[in-house]
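Before any comments, here is the structure.
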Amino acid sequence: MSARRSVVVLTLVLLGAIGLLPAAAQPPVIDPVAPVRSYEVVAEHPHDASAFTQGLIFSDGRLYEGTGLYGSSELRLVDLESGNVLESHALDQQYFGEGITILGDRIYQITWRSGVAFVYDLASFEQVGMFSYQTDGWGLTTDGVSLIMSDGSDQLFFRDPDTFEVIRQLSVHDGNEPIVYLNELEYIDGVIWANVWQTNYVARIDPETGRVIDWLDLSALTQRAAELDGGIDVLNGIAWNPETETVLVTGKRWPVLFEIRLAGEDENSI
Ligand SMILES: [Ca+2]
């Protein structure tokens, strides 16, 4: 090894050691301890294949989507049947949009690395508030009382919707194994659903203990989306439709949004 190359290697090692380099680009390997639940696909809906989906929520018969990337991050109202964008609010290009959720007449949207959460009026998409926080922002949902946020680690943060203060923190684990890269979230009938970034797995998490109750392996959906469009990115986006008791799932740049239902037992029981 030349002296110059040694310096480069040493520099990279030092940068890696102090956390300035991204973690190895290997997707996390999920080796489920908890059972893997089966599901059925109820319907396929069109989805904007240019949308870098980061947040998804269905409320009062309406589908809302948060998209990411610098310069193309938006909050959207989307027509489920056609996939058309009905309304949108663009974020300033310095913000990379992430998870969204609705509580009362407010929509909350977090950002990836800006430490900023936006609050909008649900009906008008007009910004009515703003909060700051210290971590990355990845996914967001609500149990109807607190906001629940992921930051790419194994931690979920329960936050006061009026102040954004952390009320409680939850360590997510399957058996004894911490589950990192928790991404898009959805609170469904007392269970937190979470995409695990760069995998096809969705963890269903007990909000009291952080234990993974069971898993969904959505590889078949990713495969189907890839058949329709070779340019897709990862699975991301979970929304609950309480009227049909179905779950809407999609991914970043997926041309399709799937409507699924847990199979094998009543989805209200865990
Ligand atoms: Ca969601």
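Largest first, the three principal axis extents of the alpha carbons in segment 47-162 are 36, 29, 27 Å in whole numbers.
Cα centroid separation, segment 79-133 to segment 219-267: 22 Å.
Taking every C-alpha pair closer than 8 Å and separated by at least 6 residues, the mean separation divided by the residue count of the chain gives a relative contact order of 19 percent. Our estimate of slack between ASP233 and GLU87, defined as 0.36 nm per intervening residue step minus the Cα-Cα distance, is 50.2 nm.
Peptides 236-248, 30-42: what's the order by average Cβ count within 10 Å, highest mean first?
236-248, 30-42
Between GLU40 and GLU126, the modelled label-to-label distance comes to 4.6 nm, taking each label 7 Å out from Cα in the direction of the beta carbon. Considering segment 39-82 at the alpha-carbon level, its Rg and Dmax are found to be 11.5, 36 Å. Our compactness index for segment 34-262, the C-alpha radius of gyration over the empirical 2.2 N^0.38 Å, is 0.92. Bridges between two residues of segment 34-262, per DSSP, are antiparallel at a rate of about 95%.
Every number in this text was worked out from the coordinates using simple rules, so none of it is lab data. The shown structure was predicted, so the numbers you read here are calculated from the model rather than taken from an experiment. We place every Cβ from the backbone using ideal geometry, glycine too, and count neighbours over all the protein chains shown.
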